[in-house]
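I have placed the structure first, in the form of structure tokens, so that the comments after it can refer back to it.
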Amino acid sequence: MLKGKNIVLGITGGIAAYKAAELTRTLIKEGAQVKIIMTKSAAEFITPLTMQTLSGDMVYTEMFVPTAKYDMAHISLAEFADAIVIAPATANIIGKIAAGIADDLLSTTIMAADKPILICPAMNDKMLDNPFVQENINKLKKHGYAVMDSAFGELACKTSGAGRLPDIPDIIEAIEALLSPKDLSSEKILITAGPTEEPLDPVRFITNSSSGKMGYALAVASKRRGAKVTLITGPVKLPLPAVDKVIKVRTAREMHKAVLDNFSGATIVIKAAAVADYRPSQFFKEKIKKDNKPLSLKLERNPDILAEIGKTKGTRVVVGFAMETQNLLANAREKLIRKNVDLIIANNLSDEGAGFQKDTNVITIIDAKSKAEVLPKMTKLEAAEIILDRIQTLITGKGKRKK
Ligand code: PMT
């Protein structure tokens, strides 16, 4: 979602300045336009020529260079920016901003900017611990600056602790969050994701191919938009998104319990998980030995979690998914009515680019009046954003809860 966004990247003088090269490449790959300001000290660690080559634009180092469009670079850069990111941010720049000092191009641009600003501190762990630095960081936060926590790990000064530049994907996510509208900030969203596993014996289980990508995309998008997010996840291989609460479950019954335990605190529930409808009736304590005879397994029904919460949803918005291989609309509409949900997100596994494992999905959103909105193939993150838009319309519009 950084496509078309203008980012001013401020680089200050710390050893992590070399990582600004990777950050710039990633921002550009995401579709952002990047203009770079480097302090004099930053240029001791990485050359402006490197950053110019990577950003495809001149690098701003001096205060008094007139640009074609505006008289003063600090004003033109502040106006150009959708967001300003300082990475790495030294104790010096943090202190200068906190004290209201504007004595070079970067600090002056910050002072002239009324845009969202993200500070990514990176320094020695003892410097980071210094009470003045901490006081300054708190002061920036109090004044509305977004300040990331430094990462833990090995530091350039051969010690280990807090003070590393946050990882590039985390910085990108923080920029995405900074630029997202906070229209869901009063919502508490409960999301389920991934498959369930129904054990048969110590080595075997029944499951499906859900990767968790759809549910995790919903969690990331909800968090970006300011919601308090609880993610209940089946076993998946994805890195956990930075949400408020994550509950890991294995079986449908564990997911059932986790959903019911967290249901009363939620204002929105989105069930993207692919829950096993059946489990083996018996769990064999030892591995089942094979012989030459056929083996029959007896299965029993798992609780239908969505149908159960649909009965007691009250003013909550409850959204289900329908995973179909045929008769997409008819089957999805039947689920919407039977499970008493507000929206159902139908996806057909036989559509190219839809369903399990993929980074994309092809969804149709069906509302309580059975109206179907057919959407083209898009990334799961883009689909998540549209689902959240429709939920938001339900909440604020003629829907359930007037704000
Ligand atoms: O995880 P990915 O690889 O990204 O794939 C995404 C997805 C295909 C899993 C996802 O888009 C999706 O369709 N999820 C729902 C899958 C599913 O279980 O569909 P269903 O039609 O069987 O179930 C309908 C709804 O009831 C779902 O919201 C499901 O979570 C819920 N359900 C189903 C059975 C059950 N016992 N309890 C439930 O709550």
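Table for the structure above
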| item | result |
| --- | --- |
| Taking the C-alpha atoms of the range 188-396, convex hull volume expressed per residue in Å³ | 131 Å³ |
| Built amide H within the under 5 Å cut-off of VAL246, gap 5+ | LEU231 |
| Rounded accessible area per residue of the chain, 1.4 Å, Å² | 50 Å² |
| Pairwise Cα inverse-distance average, inverted: Kirkwood Rh of the range 306-381 (Å) | 12.6 Å |
| Cα-Cα pairs of the range 140-250 separated by more than 21 Å (percent) | 52 percent |
| Cα-based helix-to-principal-axis angle, 328-338 vs the chain, degrees rounded to 10 | 80 degrees |
| Mean projection area, nm², convex hull over Cα of the range 6-179 | 9.0 nm² |
| Under 5 Å, built H, 5+ apart or other chain: amide partners of PHE321 | LYS271, ILE345 |
| Inter-site label distance for ASN138 and ASN327 at 7 Å from Cα along Cβ, in nm | 6.3 nm |
| Unit charges on C-beta of K, R, D, E only; dipole of the chain, Debye | 1780 debye |
| Fraction of accessible area attributable to carbon and sulfur, the chain (%, probe 1.4 Å) | 54 percent |
| Residues of the range 177-215 with amide N under 18 Å of the 7 Å Cα→Cβ point at GLU286 | 200-204 |
| Crossing angle, helix 131-142 versus the chain [Cα axis fit, 0-90 degrees, rounded to tens] | 60 degrees |
| Dipole in debye (nearest 20) - the range 6-179, about Cα centre, beta carbon charges: Lys, Arg +1; Asp, Glu -1 | 180 debye |
| In degrees, nearest ten, helix 252-263 long axis to first principal axis of the chain (Cα) | 60 degrees |
| Theoretical gain in end-to-end length, ASP277 to LYS257 [0.36 nm per residue, Cα-Cα removed] | 5.7 nm |
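The values are calculated or read from the model by the stated rules, or taken from the named source; none is laboratory data. Keep in mind it's a predicted model, so treat the numbers as computed, not measured. Note that each Cβ is placed from the backbone with ideal geometry, even for glycine, and that neighbours are counted across all protein chains shown. Accessible surface is based on the protein model in full, side chains and every heavy atom, while ligands, DNA and RNA are left aside. Shrake-Rupley method; radii C 1.70, N 1.55, O 1.52, S 1.80 Å.
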